[in-house]
Amino acid sequence: MSTAYGKDRLREVKAKHFEAVRVSEHVYWVGAIDWGIRNFHGYTTSRGTTYNAFLILADKVTLIDTVKAPFLDELLGRIRSVIDPEKIDYVVSNHSEMDHTGCLPEVLAMVKPEHVFASEMGVKAIGRHFHELDGIEAVENGGSLSLGNLSLRFWETRMLHWPDSIIGYLVKDKLLFSQDGFGMHLASSERFADEIEPSILKQETAKYYANILLPYSTLVTRLLATVKELGIDIKVLAPDHGPVWRKGFDILGWYAGWAEQKPTMKAVVAFDTMWHSTELMARAISQGLVEGGATVKVMPLGSSDRSDVVTELLDAGGLLVGSPTLNNNMLPTVADLLCYIRGLKPQNLVGQAFGSYGWSGESVNQLVKEMEKMKMELVDEPVKVNYVPDEAALLRCRALGRQVAEKIAEELR
Ligand code: FEO
């Protein structure tokens with residue numbers, strides 16, 4: 001039986017159809033494009049993503065990060081379009097999450113590099129992910145690694161967004177490998193941000209910030225200040241997801257703004273409904289919010305994704321959450337949303353709970369408790385309606401909307 005199309009041969013054939021993209025004088029993008037992913041650990045990635053890896057053609061050829069395990073062929077194909085992978089001398093892991101280390105063991109087995117580097121925490125994390133993988137060396141925070149003719153510097157960015165995270169700076173090319181920071185989940189054939197529609201860039205960057213980095217906003221502010229203090233001149237910004245930035249760098253200003261978590265006159269009304277009573281309440285509340293001067297995003301959870309709700313909250317000053325009672329509880333869709341929001345720790349939100357019920361009516365009190373755990377400032381009292389709202393109940397909802405809008409305006413003064 002012929003073995004011409006055995007595993008190795010098949011990998012070689014597939015790999016021929018991927019090309020690297022040069023992003024600076026010495027650096028090539030050799031990552032993978034995941035057009036199909038729609039769920040990235042609970043974050044709905046509506047436009048897919050990329051797993052970016054970079055090859056530095058220095059005296060010591062260096063690979064920065066790898067890709068998610070199923071994309072090994074794509075990584076190797078792109079590397080091979082520039083250089084024989086066995087010529088790689090160093091491998092650097094900036095972040096041990098498996099979208100960047102998934103195929104690290106296979107790459108190391110194939111390439112057999114002289115050295116493999118990660119942060120001190122990264123060495124531990126990679127060891128605990130892959131168990132038999134040892135010999136990884138720790139780089140120092142603020143330290144340099146000589147690649148012969150080029151120099152690579154590293155800084156730890158702990159909890160941006162894992163304890164192991166580091167960023168690297170290729171001094172000669174003024175290129176910052178920013179790992180997950182300044183990334184976005186966006187699959188595209190274009191490799192550079194300046195080739196992509198600006199509104200899509202901003203929307204996907206906001207979604208990424210809200211769904212991943214929001215709880216670490218103070219660290220983002222500190223990182224931006226550190227970059228400034230160190231005088232790091234960035235000519236190319238190369239994150240681990242989405243396009244590479246080579247001009248404009250709007251993303252730095254967007255991050256600085258979002259990290260401040262300043263609210264605007266905007267409120268999100270998120271709810272689910274059984275027989276449209278809670279929905280009627282949501283509509284009346286929304287009318288009141290508009291009358292109070294707020295911009296409103298009404299997000300019925302039967303058709304709104306938790307990732308999109310959180311994205312809308314990024315610049316919101318208000319949040320109103322509604323649920324009917326089902327079997328002594330709030331609806332599971334609403335519980336899911338609140339669990340997700342609480343983990344992302346949005347700040348400076350005012351709002352209130354609302355909902356309908358038939359007999360026991362626990363949902364609204366449960367919503368209030370969850371909103372208090374989120375340290376939200378609750379305005380007046382929640383609105384609870386037995387079965388179907390009457391005129392008085394809807395007027396009360398409308399008034400609540402106005403009160404929340406007025407409270408947001410007061411906070412902004
Ligand atoms: Fe892209 Fe935290 O991994």
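The values are calculated or read from the model by the stated rules, or taken from the named source; none is laboratory data. Bear in mind the structure is a predicted one, so any value in this text is a computation, not a measurement. Here Cβ is always computed from backbone atoms with ideal geometry, including for glycine, and neighbour counts include all displayed protein chains. Heavy atoms of the whole protein, side chains included, go into the accessibility calculation; ligands, DNA and RNA do not. Shrake-Rupley method; radii C 1.70, N 1.55, O 1.52, S 1.80 Å.
Order the following by accessible area, largest value first: T66, T325. Probe radius 1.4 Å; ligands, DNA and RNA are ignored.
T325, T66
Tell me, what is the 1.4 Å probe accessible area of V171, in Å² to the nearest 10?
60
Quick check: from the Cα gyration tensor, does region 163-238 come out rounded (a/c under 1.5), prolate or oblate?
It comes out oblate by the Cα gyration axes.
Helix 120-130 versus the longest principal axis of the chain: what is the Cα-based angle in degrees, 0 to 90, to the nearest 10?
That works out to roughly 90 degrees.
Report the label-to-label distance for M110 and A256 in nanometres (one decimal), using points 7 Å from each Cα along the Cα→Cβ vector.
The two pseudo-label positions are separated by 4.2 nm.
Which sequence of E391, E377, E406, E312 reflects their accessible areas, 1.4 Å probe, from the largest down?
Largest accessible area first, the list is E391, E406, E377, E312.
Sticking to Cα atoms, compute the Rg of the chain to one decimal and its Dmax as the biggest Cα-Cα distance, whole number, in Å.
24.7, 81
Specify the residue with the greatest mean-square fluctuation among S46, S303, S151, computed from a Gaussian network of the chain linking alpha-carbon atoms under 10 Å apart.
S303
Test of understanding: what is the full-extension gain from K14 to E411, defined as 0.36 nm times their sequence separation minus their Cα-Cα distance?
Value of the extension gain: 137.2 nm.
In nm, to one decimal, how far is the modelled label at K172 from the one at V388, with both set 7 Å along Cα→Cβ?
Distance between label points: 7.6 nm.
In degrees from 0 to 90, rounded to the nearest 10, what is the angle of the helix 391-412 Cα long axis to the longest principal axis of the chain?
50
Identify which of T49, T218, T101 has the largest mean-square fluctuation in a Gaussian network model of the chain, with springs joining Cα atoms closer than 10 Å.
Result for the chain, Cα springs under 10 Å: T218 fluctuates most.
Where both residues lie in region 12-260, what percent of DSSP beta bridges are antiparallel, nearest 5?
65
Return the percentage of antiparallel bridges among DSSP beta bridges fully within region 231-325, rounded to the nearest 5 %.
10
Distance between the C-alpha centers of region 230-248 and region 165-180? Whole Å please.
First find each Cα centre; the distance between them is then 8 Å.
Rolling a 1.4 angstrom probe over the protein chains, ignoring ligands and nucleic acids, what is the accessible area of K60 in square angstrom, nearest 10?
60
Of the listed peptides 394-402, 77-85, what is their order by residue-averaged count of other C-beta atoms within 10 Å, with the highest listed first?
394-402, 77-85
What is the angle, in °, between the Cα long axis of helix 250-260 and the longest principal axis of the Cα atoms in the chain? Nearest 10 is fine, range 0 to 90.
50
Using θ = phi - 60° and the Karplus form 6.51 cos²θ - 1.76 cosθ + 1.60, what ³J(HN,Hα) does each residue of region 54-64 get, whole Hz, x for Gly and Pro?
Karplus-based 3J(HN,Hα) across region 54-64 equals 9, 10, 9, 8, 10, 3, 9, 5, 10, 9, 9 Hz.
Given the whole protein assembly as supplied and a 1.4 Å probe, what does the accessible area of F130 come to in Å², nearest 10?
In the full protein context, F130 sits at about 40 Å².
How big is region 30-117 on each of its three principal axes, counting only the C-alpha atoms and giving the largest first in Å?
Computed over region 30-117, the largest-to-smallest principal extents equal 41, 24, 19 Å.
List the lysines whose alpha-carbon lies under 22 Å from that of K384, not counting same-chain residues fewer than 8 positions away?
K297, K369, K373, K375, K407
Using a basic spin-label model with each label point 7 Å from the Cα along Cα→Cβ, how many nm lie between D305 and A69?
It works out to 2.4 nm between the two label points.
Treating only the Cβ atoms of Lys and Arg (+1) and Asp and Glu (-1) as charged, compute the dipole magnitude of the chain about its Cα centre; round to the nearest 20 debye.
Around 280 debye, computed over the chain.
If the chain between S189 and R158 were fully stretched, how many nm would it gain, using 0.36 nm times the residue separation less the Cα-Cα distance?
Answer, rounded to one decimal: 8.0 nm.
Give the calculated FRET efficiency between S360 and C339 to the nearest 0.05, with a Förster radius of 22 Å applied to their Cβ-Cβ distance.
Result of the calculation: an efficiency of 0.50.
Can you give the extra length, in nm with one decimal, that the chain gains between M98 and D380 once fully stretched, where that is 0.36 nm per residue apart less the Cα-Cα distance?
In short, 96.9 nm is gained.
Which entries in the list K14/K235; K207/K235; K14/K68 go over 23 Å, if you measure between the two C-alpha atoms of each?
Among K14/K235; K207/K235; K14/K68, the Cα-Cα distance tops 23 Å for K14/K235; K207/K235.
Only residues of region 163-190 count here: report those whose backbone N is under 17 Å from the spot 7 Å along Cα→Cβ of E120, or say none.
Hits in region 163-190 for E120 at 17 Å: 163-167.
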